[in-house]
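Undergrad: Here it is: the structure, laid out below.
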Amino acid sequence: MLTASLRGMLTHRLRLVLTTVSIALGVAFLAGTLMLTDTMKLAFNQLFGKVTAGTDAVVRQEAAYSQTSGVAPARRPIEASVLDRVRKVEGVAAAEGSVSGYALLTDTAGRAVLAEGGAPTMGYSMPSDEALRGDVHVRTGRAPTGPSEVAIDATSADKGDIALGSTIKIMFSGPAREFTVVGTVGYGDETDLGGTTAAHFDTATAQQVLGAPGVFNEIQVRGADGVDDVVLAERLSAVVPDGVEAVTGATVAKEASDSITKNFMFLNIMFGVFAGISLFVGSFIIWNTFTMIVTQRAREIALLRSIGATRRQVRRSLLLEATVLGVAASVLGIGLGAGVATGLTALMGALGLSLPSTSLQVQPRTVWLSLVVGVAVTVAAAFVPARRAMKVLPIEALRDATPGARTPSKRRAAIGAVIAALGLAAILNGLYGDGGTTLVPIGILTVMIGVITLAPLAARPLASAIGAPLRWRGFPGELARQNAMRNPRRTASTAAALMIGLALVVTMGVFGSSLKASFGTILGESTNAELFLTPASAQGAGFSSEVSKIVADVPGVSVVSPTSWGTARIGGAATTYSSVDPATIESALNLEMIAGSASRLGSDGVLVSDEKATEKGWTVGDTVQMEFPTSGTQSLRISGVFAGSGFLNGSYVISRATHEANDPARLDANALVLVDKGASVGDVQDRIAAALAGHPDAQVLDRAGYEKQVGGMVNQVMAFVTVMLLLAVVIALLGIVNTLALSVFERTRELGLLRAVGMTRGQVRTMVRWESVVISLIGALVGAGLGTGFGVALSQSLKGDGITEVAVPGGQITFYVIAAALAGVLAAVGPARSAARVDVLRAVVTD
Amino acid sequence: MTSTTTTTVSAGTAVRGVELSKKYGEGPAAVVALDAVDVSIETGRFTAIMGPSGSGKSTLLHLLAGLDRPSSGQIYLGETEISSLKDKQLTLLRRDQIGFIFQAFNLLPTLTAAENIELPIRIAGRKPDEFWVRTLVETVGLTGRLSHRPAQLSGGQQQRVAAARALASRPRIVFADEPTGALDSRSSADLLGFLRQAVREMGQTIVMVTHDPVAASYADRVLFLADGRIVDEMHDPTAESVFDYMKSLGA
């Protein structure tokens, strides 16, 4: 039986190749994701290990809790007096206070030197003890000394074309200052710290510009020779005051690396999802192939059965075939995975998410997981066709069985309809009932499964309707339509693969454009600001509070109201809060206050959304316990309840002063600007831009510009997701090629007859091409329809999170459908050619 | 072997093969299926080609019908030399001037009987001649079965649909390759009767390859092939005379 299986596989090489590739692509994505994750982890470990190489122990404030974002959790500063105590501990060879904080470099022309996407722009103190610097070393020039010197990371020096000796301005959360560049800094072999731009100052200067005099962020300690790090940390712990801890350098490196790896976790999840989608789509092609194998081989199987093969043996032989295919495809996929990992890195790089480089990591786990998943998907997809093969009767060896189309059963219709209805009910309940919005994505998945189940029933009428205009394409067009209708199951499962891909792409499209439209509406409805101050780049962390002060002095500006945001925990749950300027916010932003007022926020007040207030039973005057990562739990008094969400993040709003008190690293995220009555907005914008010439950390935008900037960010994310999803579409197209190739093979005699009675090669090609287009369009149209519905449902379900508008990008969806039809033409090229080449005689001569 | 035939006198020649040879393979291993055959098919007559298996009769039919190309020699359909035509021209020629009936698989399973009959005309993008098609359908006795698909028709009915199809576009000539090979004797008689009727009453030219003396007896003229050559011919044959001659060939 084994040799029979293997021979069977090798006879149809094209089928073998297409099926293998369709699974291999999914596996490649999975393997690539795993490789990328491991590589990233290793790279960051190496990087942070090097940076803290010379530090044996660190003394720092205990963090209230560790934030999930940011290179290091924000901690309260530590008093300089602790340093004296630390230095007296036995076994301490050297100890220095270190300071870090926001610092944005500008080049000699005054332009901001932006960090590679995601990475922060930072300033650091440079220890005078060279060993404490670890692998942070001066590459050219020298270390900075004194209040007007800086050393910068070599990447920024190169990118900003900043020569040693030049004078540059650096932005801080406080006032900007000018410095002379005296050196460039490297980090191990890297020229930057994972994309971070870095300004290094001597410790005293760093205290002034990054933190505050008399305090440090932490104290770095180098132990004497022969003193164990753990022992050293223990000794230090004994002498430090309450709330201060001592940990080993290795712990700090690991924390830093873990934290940044966690930041990239969303990418892993996302890529994992894409790998899953690809494999799912690929499984349709496997299913198709094995169904066709079973149909075509019905006689062969019957013959085997009649000479004594048991049902089990028949099934086993097919599943064995699937296993061999799965292994081959997975091995190929793992190989391709390296390419995928490299490609994804490049893609992220193009989007500004650069990752530190190290050699590509292929862990054993990657290999076995990819193998297991690839084989499991293949065998699972082949299981139903294999069961069908079991049912082939020995007598069928004698029948002249033409592979017939079985009519889909009523049971299938019932099951499919029930599943789809359940899914729809879940979506509706999620949107309008009390089931919660998490029901919506679950409902979407369920509807999808229902539709896939129903697809074989719908394929015939759909092919008939979609193919109707083909009558005008003459007789080959009409035949194409009928061919697409002949085997509804095959047409359905071929189109289903494309349907899934397109449904997802369109869902994202609708979601993205709803997001953009909602932002426009929020801007229009909630604020009367004419101008907006935003960070210089979409990835900028924020801008100095100095910016608002500068802008407030510009003639024609009536109000500048900066806002920002941060994270805290309330009742143990992480939540986002906004911070505003109590004096100006209500004149710039319509908070739709239900009770109380923003102007009464003061330094211990909080505004809560009416939703939260209702949920928790809060009223004005009640106390809310907010736990900040830096300062721990604070009691805040509710000074108002607001209904106008959207522009501000989250359900809690605190004052700027409260924010600063609990998070010294705060920056303004944006600011709303109102111009004087009668003043020209354009003129004021120009004047603000001029005033901010020395502050490239911020820019001024009018309403349209702001919408465009946010829209651009949305587009970028959507483009990224769409590119990933297109892989599923590519796999689906391979499925169409596969199906067509098999259909052409099955219909050799028909094609021969048509050629004999006068169909030209061109007409044969046209026929196959249009059949392909019909199948593609079934997938594309159903997919686009589903995707539109899903996108609308998804957007609706996020109403509470600020997606107030639902926008369907008609042009974009039309483009996808047309592109799918064209792709169908492309998929038909090969099969059409082989159909046109059918030998007339071989087809019509009875042997 | 010298041919005892005279291939001249007739109203006209529908198709003519000159020095037709067909070789399969190369060098000493080559198999000669047809060896320098000269043949001429008269217009408005029913010609049968007979011969034992491997005599080259099907090969000759395929060459004359433009389904295959000779290794050497020329084929004239009317005045057109077809062995040198390009595939497209040859295809259009088959479509417009030649009708086919094969032994089996004559019909597209997805099309109804009526659609199958009109197939070559529809492929050409023309409108079928309704009156002519109805006449054909009535003659072959398929009225009432026109909306059936091939799977719903008997073997004999299928072959009659094929015959109607072959005649529907009023081709210059119809080639039939063992059209009764898969039929029982009654269905065969129906089909052959129809073919003879088409020749006698409609002036159709038909060439049929068969190995059945009874089928050959419906023809006006029988050509006998053996070892790739035309060895003899017979006019106004009867089943017995053909059978006897075949026996002598086989002996």
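Undergrad: Go through (1) basic (Lys, Arg); (2) out of contact with any Ser or Thr (no Cβ under 9 Å at 6 or more places or on another chain); (3) within 24 Å of residue B:216 (Cβ to Cβ) for residue B:170 and report which single condition fails.
TA: All conditions are met except number (3).
Undergrad: Which of the residues spanning segment B:93-131 are assigned to a helix (DSSP H, G or I), facing chain A (nearest Cβ under 7 Å) and free of Cβ contacts under 8 Å to residues at least 12 places away in the same chain?
TA: Hit for segment B:93-131 is B:122, nothing else.
Undergrad: Answer yes or no as to whether residue B:137 is hydrophobic (A, V, I, L, M, F, W, C) and within 14 Å of chain A (Cβ to nearest Cβ).
TA: No; evaluated as a whole, the condition is false for this residue.
Undergrad: Out of (1) under 38 Å from the mean Cα position of the chain (by Cα); (2) without any contact (Cβ under 8 Å) to a residue 60 or more places away in the chain, the odd one out for residue A:122 is which?
TA: Of (1) under 38 Å from the mean Cα position of the chain (by Cα); (2) without any contact (Cβ under 8 Å) to a residue 60 or more places away in the chain, only one is false for residue A:122: (2).
Undergrad: Given the criterion surrounded by fewer than 19 Cβ atoms within 10 Å (Cβ to Cβ), free of Cβ contacts under 8 Å to residues at least 40 places away in the same chain and among the hydroxyl-bearing types (Ser, Thr, Tyr), identify the matching residue among A:464, A:537.
TA: A:464
Undergrad: Among the strands (runs of 3 or more DSSP E) contained in segment A:117-162, which hold 3 or more residues that are more than 23 Å from residue A:697 (Cβ to Cβ)?
TA: The strands (runs of 3 or more DSSP E) meeting that bar are A:136-141.
Undergrad: May I pose another question? Can you find a residue in segment A:819-842 that is away from chain B (no Cβ under 14 Å), within 25 Å of the chain's Cα centre (by Cα) and not β-branched (Val, Ile, Thr)?
TA: Yes, segment A:819-842 has at least one match.
Undergrad: What single numbered condition from (1) without any contact (Cβ under 8 Å) to a residue 40 or more places away in the chain; (2) on the phi > 0 side of the Ramachandran plot fails to hold for residue A:214?
TA: (1)
Undergrad: Which residues, taken from segment A:251-265, are farther than 13 Å from residue A:46 by Cα and of a type in the set (Gly, Ala, Ser)?
TA: Hit for segment A:251-265 is A:259, nothing else.
Undergrad: For segment A:577-677, which fully contained strands (runs of 3 or more DSSP E) count at least 1 residues that are at pLDDT 90 or above?
TA: Working: elements: A:593-596, A:605-609, A:623-628, A:632-642, A:652-655, A:670-675.
Strands (runs of 3 or more DSSP E) meeting the threshold: A:605-609, A:623-628, A:632-642, A:652-655, A:670-675.
Undergrad: What pairs come up if the first residue lies in segment A:707-719 and is modelled with pLDDT of 85 or more, the second is of a type in the set (Lys, Arg), and their beta carbons are under 6 Å apart, counting only those six or more places apart or on different chains?
TA: Sorted first by the residue in segment A:707-719, then by its partner, the pairs are A:711/A:516.
Undergrad: Among the residues in segment A:210-219, are any at pLDDT 85 or above, closer than 30 Å to residue A:168 by Cβ and part of a helix (DSSP H, G or I)?
TA: yes
Undergrad: Looking at A:509, A:433, A:443, A:501, which one is more than 14 Å from chain B (Cβ to nearest Cβ) and at pLDDT below 85?
TA: A:433
Undergrad: Which of the residues spanning segment A:164-191 are among the hydrophobic types (A, V, I, L, M, F, W, C) and either surrounded by 19 or more Cβ atoms within 10 Å (Cβ to Cβ) or free of Cβ contacts under 8 Å to residues at least 24 places away in the same chain (or both)?
TA: Result: A:168, A:170, A:171, A:172, A:176, A:179, A:181, A:182, A:185.
Undergrad: Same structure again: Can you go through A:769, A:765, A:749, A:755 and tell me which one is of a type in the set (Lys, Arg) and away from chain B (no Cβ under 14 Å)?
TA: Result of the check over A:769, A:765, A:749, A:755: A:769.
Undergrad: Then there's this: Any residue at all in segment B:68-87 that's at pLDDT below 90, in a helix (DSSP H, G or I) and either within 13 Å of another protein chain (Cβ to nearest Cβ) or surrounded by fewer than 23 Cβ atoms within 10 Å (Cβ to Cβ) (or both)?
TA: yes
The values are calculated or read from the model by the stated rules, or taken from the named source; none is laboratory data. Here the structure is a predicted model, which is why all the values come from computation and not from measurement. Every residue, glycine among them, receives a Cβ derived from its backbone with ideal geometry; neighbour counts consider all protein chains shown.
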